[in-house]
Each structure stands twice: as structure tokens, then as C-alpha cells.
Amino acid sequence: MRLDKFLCDCNLGTRSQIKKDIRNGQVSINGSVVLKPEQKVDEQEDQIYYKGQLCVYEKYVYYLMHKPAGVVSATEDKYDRTVLDLMGDDRREDLFPVGRLDKDTEGLLLITNDGVLAHDLLSPVKHVEKEYECHLAYALDKEQKNRLEQGVDIGEKALTRPALVQIIEDNKITLTITEGKFHQVKRMLYAVGNEVIYLKRLRMGGLRLEPELPKGSYRRLTEEERIQITEDLNDRSGYF
Ligand code: URA
């Protein structure tokens, strides 16, 4: 990879600033100052110093964001702010959100540059659980609950897979699903004669949104969480 991209991925500044710093002799590779931004580096083997500090390259990065309403789950958008716009200095060119939450949905969103993990988490055959808090226009009755739990017709080829419903208050439930169809939760509630007026994702597999993480902020996954999501993909015993 090019030296300037390497330094950018290490989050050391904008590409143009980094190019300037390289040309000004602020970067060394294996003990020799390098003046060319396009110089090729081996990110695993080379010892690269930027302004006297050793740079450690992380190939894959994983963030858990508390998505606020009003931003879109995309890498760029003509009209709206995106979740990546919230990432400030941690933004890397190769980051993307894993799946989509609607613009008005809040809650847990995984952001990474690990395409294989993202693909697996979204794969319809992996059935990773997604748990949502839903505030409803009307109290959920027994029949609606049963239908959600058994599978409903939302206009797709097949009924939705069985879901798990927990009633918190009359108009407030958690719904756990193992698919990720477009607007799925809203369409499921609509199909049983109800309506979602507020939606928040609380959990994806073993990753849970902690109440302390403020809306619009994000943090790195812990090592345990990274191991946990890989295990979620292999262990399907918990799925209903
Ligand atoms: N289901 C929805 O309807 N919207 C979301 O944002 C996520 C799941």
C-alpha cells in the first residue's frame, strides 16, 4: 500500500496534510527518511515513524455507534448527514455501516471495514438476532402478539420468520427478529394492524447497546465483543 494511505488509515490526518508532512521529512521507514507519498510500504513488516512516533496499522476496525434519528446509514448522501459524518477524526475511507437503520430509527449500529464479517452478519442464512424497542400507536393485543411470533405476511414471498415479543408496557414492546428485510419491523407491526411510532435497535447478536453511550457517539468494540460476534455466527443454538 502507498505510504500516504497507510498513514491516513492510521488516522494521522488528512491525505493532503500527510503528503505535506512526508515531503517535509517527517516520516521514516526502517530508519530512513522517505520523501515520496507514493512510496510502497509493507504495513505488517515495515517500522514506520511519523513525527517520531511508531505507527501501528490496524487492518480491521470495529465501532459500535448509538445512531441518532435524522442521519442516514450510508457512507455518503446528497441530502442528509450520514453516520460516517459523525465519526470525525476516526473516519477512514473504507468504513461502512453494517446494514441499515431507517433515518428515523435510533440505536445500535456496527461500523467497520471488515467486509467478510459484515456479509456474514447480514446473511439471511445466519439468522443473527436483532432486538428492537418499539413504541406503538396502539396497545399490542394477544392476537397481534401471536401473529408476530408465528410469522406475518409483509408482502414478501414467505411469511416472516418467527419473532420474539416481550411486552414492556401496553404500547411498548421489544421485538427480536432474525431477518433484515427493508423496514421489516415497521412492516410487521403494520401487517398486524398496529403502527411503530418510535424504533430503537438494542442488540445485534451478542452486541448490546449500553444505556450510557450517548446518542450520536460511538466506541470501539472490546476484544471480547469482537470474539463474541464471530461466535454468534457459528453458534446457532440460541436462535428460535
Ligand atoms: N426495521 C425497520 O422497520 N426499520 C429499521 O430501521 C430497522 C428495522
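The values are calculated or read from the model by the stated rules, or taken from the named source; none is laboratory data. Just so it is clear, the structure is predicted and the values come from calculations on it, not from any experiment. Methodologically, a virtual Cβ is constructed for each residue, glycine included, from the backbone with ideal geometry; neighbour enumeration extends over all protein chains shown. Heavy atoms of the whole protein, side chains included, go into the accessibility calculation; ligands, DNA and RNA do not. Shrake-Rupley method; radii C 1.70, N 1.55, O 1.52, S 1.80 Å.
Zone of Glu149 (label point 7 Å along Cα→Cβ, backbone N under 19 Å): which residues in segment 173-191?
Answer for this model: 173-179, 188-191.
Over the Cα atoms of the chain, each weighted equally, I'd like the Debye log10 I(q)/I(0) at q = 0.10, 0.16 Å⁻¹, rounded to two decimals.
-0.57, -1.12
With only alpha-carbon atoms counted, please give the Rg and Dmax of segment 117-186, in Å.
My reading of the Cα-based Rg and Dmax gives 12.6, 38 Å.
Multiplying the sequence separation of Lys157 and Glu195 by 0.36 nm and subtracting their Cα-Cα distance, what value in nm do you get?
The span from Lys157 to Glu195 would gain 11.5 nm if fully extended.
Given a Förster distance of 22 Å, report the FRET efficiency between Glu210 and Met87 from their Cβ-Cβ distance, rounded to the nearest 0.05.
My answer for the efficiency is 0.70.
Simple spin-label model, 7 Å along Cα-to-Cβ: Lys40 to Leu164 in nm?
Distance between the two pseudo-spin positions: 5.0 nm.
Using the Cα atoms of segment 3-54 to build a convex hull, what is its mean projected area in square nanometres?
With the hull built on Cα positions only, its mean projection is 3.0 nm².
Tell me, what % of the accessible area of segment 16-136 is carbon and sulfur with a 1.4 angstrom probe?
Exposed carbon and sulfur together represent 45 percent of the surface.
Would you kindly state how much longer the chain becomes between Arg219 and Gln47 on full extension, computed as 0.36 nm times their sequence separation minus their alpha carbon distance, in nm to one decimal?
59.2 nm
How much accessible area per residue does the chain have, in Å², with a 1.4 Å probe?
Spelled out: the 1.4 Å probe surface of the chain, per residue, equals 54 Å².
With label points built 7 Å along Cα→Cβ from the Cα atoms of Asn234 and Ser32, find their separation and express it in nm.
Going by the 7 Å Cα→Cβ label model, 4.3 nm.
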